[in-house]
Amino acid sequence: MQRIGVSALALAAGLSAAHPVLAQTAPEAQPQPAPSDGLAIEVVGKRLDRERSEIQPSLGATRYDFSKTAISNTPLGENATLNQVLLRAPGVVQDGFGQIHVRGDHGSLQYRLDGVQLPEGLALFSSILSPRFADQLSLITGSLPAQYGLRTAGVVDITVKSGTTNPGGEASAMVGSYNWVQPALEYGGRSGNFDYFAVGQYVSNNIGIENPTPSTAPLHDATAQWYALTKLSALADENTRLSFIAGGASARYQIPNVPGETPAFPVNGITDWNSAVLDQRQWEDTYFGIASLQKSYQNFNMQLSGFGRYSKLSYQPDALGDLLYNGVAPWSQRSSFAFGVQGDASWKVASNHTLRGGFLVQREQVSSFSQNNALGLIPDPLNPGELIPGDSPVGFTDGSNLVGWTYSVYLQDEWKVTPTVTVNFGARFDAISGQISENQVSPRINVVWEPTPQISLRAGYSRYFVPAPLNQVGFASLAARTGTTAEPENFTNDPVRAERSDYFDVGLTVKPVDGLTIGFAGYYKFAENYLDKGQFGAPIQLASFNYANAQVKGFELYANYDQGPWSLYGNLAWSKVSATRINSAQYNFSPEDLAYIGSYWIAADHDQSWTGSAGAAYIFNQGSDWATRVSADVLFGSGLRTSVVTPNDTALPAYATLNLSVTQKVPFNGSKGTQIRLDAINVTDGVYELRTGEGVGVGAPQYGMRRAFFVTLAQKF
């Protein structure tokens, strides 16, 4: 069902066999004319795809690949969100707001489209990328080689569909529970040396964000979203390709309500209000573009890319309700514009040495503005010298503008020491400027031993430098809040710093029979200025902060079998994240929590001890026009952390959800392919809570989706 594999240095070392063009010497230096024959164009395009992957291989890291079959076997298939697909990889933890955590980190994922790192955006509830965009999808974790930096918990590597890999078109529509409507359309093809592909989808339903109550129908939780991506490429000659990717996503959300809540503040004499009719809304918009030049010359390959991304998040409060329940009603907007240049190259200097190097330069500007109403603080008539909230609103504005630069460069050598042992070693240098300026040289080394083709052992060490996302740094003015109910309990606001860590990773992969892969991975990280994120009040956006020290450790067991009509997979992961002393953005926390965390190690709020998933799929009449695929899928979590007595002292109850799918091909006269798909989510209708609303940096309760049913009709043309 799911292809999970470990990237081995020794596999990459056999480049001469896998990619003979790299081992040959071109007879002439001048570029050859672009091929015009359709088959020749397809062959050249695939060769350039292989050579692009050779520029940035995942040497010695752990790589989990999701084939198109694996994505289809996932509940909802290509209609699922990207994070829902990634949850089927080992060690990926489910959280509220649709978020995931990989190997004990809160975020710190980087997303790459055709090898180009996409700048982070502001979107919280929505994923701007979809499995529908991917021809190949992989999650790379562990001890990453030097080309991967800045975001190091994992690399979501997406090879975007093209007209060559996905010719023709497909129209689909999914409908189901919660008034869910999700149409999609894609089309691709080739014309001479040009390749084109476009895809778009629209989503509308009544459960845009996790339900804050265990009910089957959340209140005030509608969403409307669209996602789109276009890819164009052209062959200038048989060794040169130009490509352009453009995409965007726009989403509108209602913030769901919890009925029966009691107002915390009086406003103009009003002390009672129906919390079920609150009207809070959030908008998230992201647009991005990538232009790339890929060049291959004898044993040298390179890709030079320019990229840009604009992102905006807007929040509209309930003018009266936010004052009654939160003491502040902010009309808030934050925007981010990032652009830059990335270059990567590989050079096979000898039969046993391949050098790789590259750079990245990025500029980002983040602007924030909010118009706020809060309640003024007045003297307490019963306790002279004390202040209490009045019931008259007062207004204040809050805004800022921050520009940050990122500079990165790396160099590494893949050394084939013996036929069975390969060492990849190198270093990268990263420097940032923004709220503060920091830099670091980060050495990396991976060793892979393959005593037989069926066995691969690896060990690696990486020094990591992870700056806080500039658009998630809380740089608001605290002085503007003084004398109001928006005033923090303390005014300490040390700057958020880059996380610096030492990461150790070991792994073993065995392929005892055809189609079966069994693996183990273990890791340990010790971090200074460990980065975490929290949701503090409204609007619902994330803000970064640091723990002075943290330890992250864990292991993963996984297996998959993909042979004939059967696809099976299963994995189980254990992790523990311990941290101490919050040393930045302290104004977000109570003095009591700061004092306790300053003296004791605590579990991080996103720590989940045990995480697992498993699935099975079988295809009846495989290869026929009437093929039927049935699949079952289970997700398990031992529960995220919550606070009862001390910060993050307790885990929530464990849960497991069962999902079922059936896909039937239905041939019609002259049709290229028709499919009908049925999905049942959380078949047992289990009630499970992801968040209670308590915990360090936790802002709202959230429950997993109750039982739901979906029908999808897809037609190729």
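The values are calculated or read from the model by the stated rules, or taken from the named source; none is laboratory data. Everything numeric here is computed off the predicted structure, so don't read it as measured data. Because the Cβ atoms are built from the backbone with ideal geometry, glycine has one as well, and the counts that use them run over all protein chains shown. Heavy atoms of the whole protein, side chains included, go into the accessibility calculation; ligands, DNA and RNA do not. Shrake-Rupley method; radii C 1.70, N 1.55, O 1.52, S 1.80 Å.
Listing for the model above:
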read-out	value
Proximal charge balance of Gly404 [Cβ under 12 Å; K/R count +1, D/E count -1]	-2
Theoretical ellipticity at 222 nm over the chain - DSSP helices of four or more residues, -39500 (n - 2.57) apiece, nearest 500	-2000 deg cm²/dmol
Accessible surface of region 85-228 [probe 1.4 Å, protein heavy atoms]: carbon and sulfur percent	57 percent
Mean separation of Cα contacts under 8 Å (6+ apart) over length of region 173-252, as relative contact order %	25 percent
Peptides 390-397, 197-204, 504-511 ordered by average Cβ neighbours within 10 Å, highest first	197-204, 504-511, 390-397
Restricting region 405-486 to chymotrypsin sites (Phe, Trp or Tyr not before Pro) in coil, as DSSP defines it, with at most 13 other Cβ within 10 Å	none
Inter-label distance for Gln365 and Thr646, nm, one decimal - labels placed 7 Å from Cα along Cα-to-Cβ	4.8 nm
Amide H contacts of Gly693 (H built 1.01 Å from N, under 5 Å, at least 5 apart or other chain)	Ala700, Gln702
Distance between region 486-539 and region 607-681 - C-alpha centres, whole angstrom	26 Å
Added length on full extension, which subtracts the Cα-Cα distance from 0.36 nm per residue, Ala627 to Glu592	6.5 nm
Label-point separation, Gln298 to Glu528 (7 Å along Cα→Cβ), nm	4.5 nm
Segment Val666-Arg50, extension gain: residue separation times 0.36 nm, minus the distance between their alpha carbons	218.3 nm
Integer Hz, Karplus 6.51/-1.76/1.60 couplings in order for region 681-686, x for Gly and Pro	9, 6, 4, 7, 6, x
Residue-normalised accessible area of the chain, given per residue in Å² at a 1.4 Å probe	38 Å²
Net charge of Cβ neighbours under 12 Å - reference Gln622; Lys, Arg +1; Asp, Glu -1	+1
Net lengthening on full extension, Glu386/Asp279 (0.36 nm per residue, minus Cα-Cα)	35.2 nm
Centroid-to-centroid separation of region 261-310 and region 368-400 [C-alpha atoms, Å]	29 Å
Share of Cα-Cα pairs in region 77-126 lying beyond 16 Å, as whole percent	46 percent
Efficiency of FRET between Ala234 and Asn268 - r from beta-carbon atoms, R0 60 angstrom, step 0.05	0.40
Fraction of accessible area attributable to carbon and sulfur, region 314-473 (%, probe 1.4 Å)	64 percent
For region 266-280, 3J(HN,Hα) per residue [Karplus equation, 6.51 cos²θ - 1.76 cosθ + 1.60, θ = phi - 60°, Hz, x = Gly/Pro]	x, 9, 6, x, 8, 10, 10, 7, 7, 5, 6, 10, 4, 10, 9
3J(HN,Hα) from dihedral phi, region 436-451, Karplus parametrisation 6.51/-1.76/1.60, rounded to Hz, x for glycine, proline	9, 10, 8, 7, 6, 9, 10, x, 9, 8, 10, 10, 10, 10, 10, x
Per principal axis, descending, Cα span of the chain in whole Å	92, 60, 45
At R0 = 35 Å, FRET efficiency that the Cβ-Cβ distance of Thr492 and Ser638 yields, to 0.05	0.55
Surface accessible to a 1.4 Å probe, Thr223 within the full protein complex, Å²	10 Å²
Acute angle (nearest 10 degrees) that the helix 38-55 long axis makes with the longest principal axis of the chain, alpha-carbon atoms	60 degrees
